[in-house]
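Undergrad: Have a look at this one.
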């Protein structure tokens, strides 16, 4: 018998998260010079100029430890959205806040509910805490089934994750459905609305979850991020809102210096750059409509998206199409890991990137149809 240290039992259930392939890796693997990435829902126009300037200034202070309480950043976020400091949390990406929530709320054997086709990071941290994940199916329109989630609640349920808009489907649950859902969920169960793509949503009946937090409902938390519309995926910066008691708990268990100095500066500056924000939203809206029209021409079904990506149904050969796109220098996201094996998730890029993707997709699908 080996005397080596053994990992804790929850790790046996974890499937590591596999991100989209980096551009440089694809270049090396396939000997390519020109590669575009439409796999990770990144902002195609780059970074807010104000955020870049703030990071450049802050880089001269990285010999110092960052403010552990993230006071200025949390204050700026609170002022921007209308919250007091004690209702604002920040993390090293929204992933960090999901970990903090897991550590704060879960004991071994507790239950967490999420969709079968949603953000896989939930699963990882649930298993780290040796809790149990219960997965509910999507609706026929690829949306979260809030009724099924409410039906799954039991005495051990501690957290329900409502990814809205949902990743990877891009669909939303609407205000009335959320109100009915919350009426059914016991107050002892924390409902976490993960709204990483909120800024891209045009629907007027999107639920006002921040309003629920302003009411200081003890069992509602809202997570958001600077990674998507603000273009700051590479520095890892997420934020959230919740009841002061929950925020106080997160402050006790978080990593001491979880948000670095350039990231804190970038977040404060990005909130002020409304021009960059609007340009990002408009580009995304235009690109989304462009891809819709193209998928309609190709006869490819897709889910109506409220995000900067589109879930499109390719069919049983989706993995083959994804691989051929990769070999042609176009990185997209396969969805087998989300239990959607016939689908690809396509991030919306700049117009030239969207056109290149469609040209390659049309060529690949046309060749397969001829062979078939």
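The values are calculated or read from the model by the stated rules, or taken from the named source; none is laboratory data. As the structure is a computational prediction, the values presented were derived from the model and not from experiment. A quick note on method: Cβ atoms are made from the backbone with ideal geometry, for glycine too, and the neighbour counts reach across all protein chains shown.
Undergrad: From the list 93, 31, 78, pick out the single residue that is touching a strand residue (DSSP E or B) at 6+ places or on another chain (Cβ under 7 Å) and without any contact (Cβ under 8 Å) to a residue 24 or more places away in the chain.
TA: Being touching a strand residue (DSSP E or B) at 6+ places or on another chain (Cβ under 7 Å) and without any contact (Cβ under 8 Å) to a residue 24 or more places away in the chain holds for just one of 93, 31, 78, which is 78.
Undergrad: Still on this structure, I have one more. Among the listed residues 73, 97, 85, which satisfies the condition of being crowded, with 17+ Cβ neighbours inside 10 Å, at pLDDT 95 or above and more than 30 Å from residue 130 (Cβ to Cβ)?
TA: 73
Undergrad: Is it the case that region 304-320 has a residue that's crowded, with 22+ Cβ neighbours inside 10 Å and farther than 28 Å from residue 206 by Cα?
TA: yes
Undergrad: Need a quick list: helices (runs of 4 or more DSSP H) entirely within region 255-340 having at least 3 residues that are farther than 30 Å from residue 52 by Cα and either without any contact (Cβ under 8 Å) to a residue 12 or more places away in the chain or over 20 Å from the mean Cα position of the chain (by Cα) (or both).
TA: 274-298, 318-327
Undergrad: State yes or no: is residue 199 at negative phi and at pLDDT 95 or above?
TA: So residue 199 fits the description; yes.
Undergrad: Is it fair to say residue 65 is part of a loop (DSSP other than H, G, I, E, B) and over 26 Å from residue 271 (Cα atoms)?
TA: Spelling it out, it is not the case that residue 65 is part of a loop (DSSP other than H, G, I, E, B) and over 26 Å from residue 271 (Cα atoms).
Undergrad: Is it the case, given these coordinates, that residue 288 is out of contact with any strand residue (DSSP E or B) (no Cβ under 8 Å at 6 or more places or on another chain), modelled with pLDDT of 95 or more and not assigned by TED's automatic domain parsing to the domain that holds residue 167?
TA: no
Undergrad: Same structure, new question: Report the residue count in region 205-217 for those that are part of a loop (DSSP other than H, G, I, E, B), in contact (Cβ under 8 Å) with a residue 12 or more places away in the chain and either surrounded by fewer than 22 Cβ atoms within 10 Å (Cβ to Cβ) or not assigned by TED's automatic domain parsing to the domain that holds residue 232 (or both).
TA: 5
Undergrad: Sticking with this structure for a sec: Given 82, 46, 93, 78, which one is touching a helix residue (DSSP H, G or I) at 6+ places or on another chain (Cβ under 9 Å) and under 12 Å from residue 264 (Cα atoms)?
TA: The conditions single out 93.
Undergrad: Let me ask you something else. Can you pull out the residues in region 168-204 that are closer than 23 Å to residue 93 by Cβ and free of Cβ contacts under 8 Å to residues at least 40 places away in the same chain?
TA: Once the filter is applied, which keeps residues that are closer than 23 Å to residue 93 by Cβ and free of Cβ contacts under 8 Å to residues at least 40 places away in the same chain, region 168-204 yields 191, 193, 195, 198.
Undergrad: Out of all the residues in region 96-128, which are closer than 25 Å to residue 339 by Cα, more than 17 Å from the chain's Cα centre (by Cα) and in contact (Cβ under 8 Å) with a residue 60 or more places away in the chain?
TA: Once the filter is applied, which keeps residues that are closer than 25 Å to residue 339 by Cα, more than 17 Å from the chain's Cα centre (by Cα) and in contact (Cβ under 8 Å) with a residue 60 or more places away in the chain, region 96-128 yields 127, 128.
Undergrad: What strands (runs of 3 or more DSSP E) completely inside region 108-204 contain at least 2 residues that are touching a helix residue (DSSP H, G or I) at 6+ places or on another chain (Cβ under 7 Å) and buried (at least 19 other Cβ atoms within 10 Å of the Cβ)?
TA: 111-115, 157-163, 190-194
Undergrad: Kindly indicate whether residue 323 is surrounded by fewer than 19 Cβ atoms within 10 Å (Cβ to Cβ) and farther than 24 Å from residue 165 by Cα.
TA: Criteria met by residue 323.
Undergrad: For residue 53, are the conditions met, namely being within 23 Å of the chain's Cα centre (by Cα) and within 22 Å of residue 261 (Cβ to Cβ)?
TA: Here the answer is no, as residue 53 does not meet what is asked.
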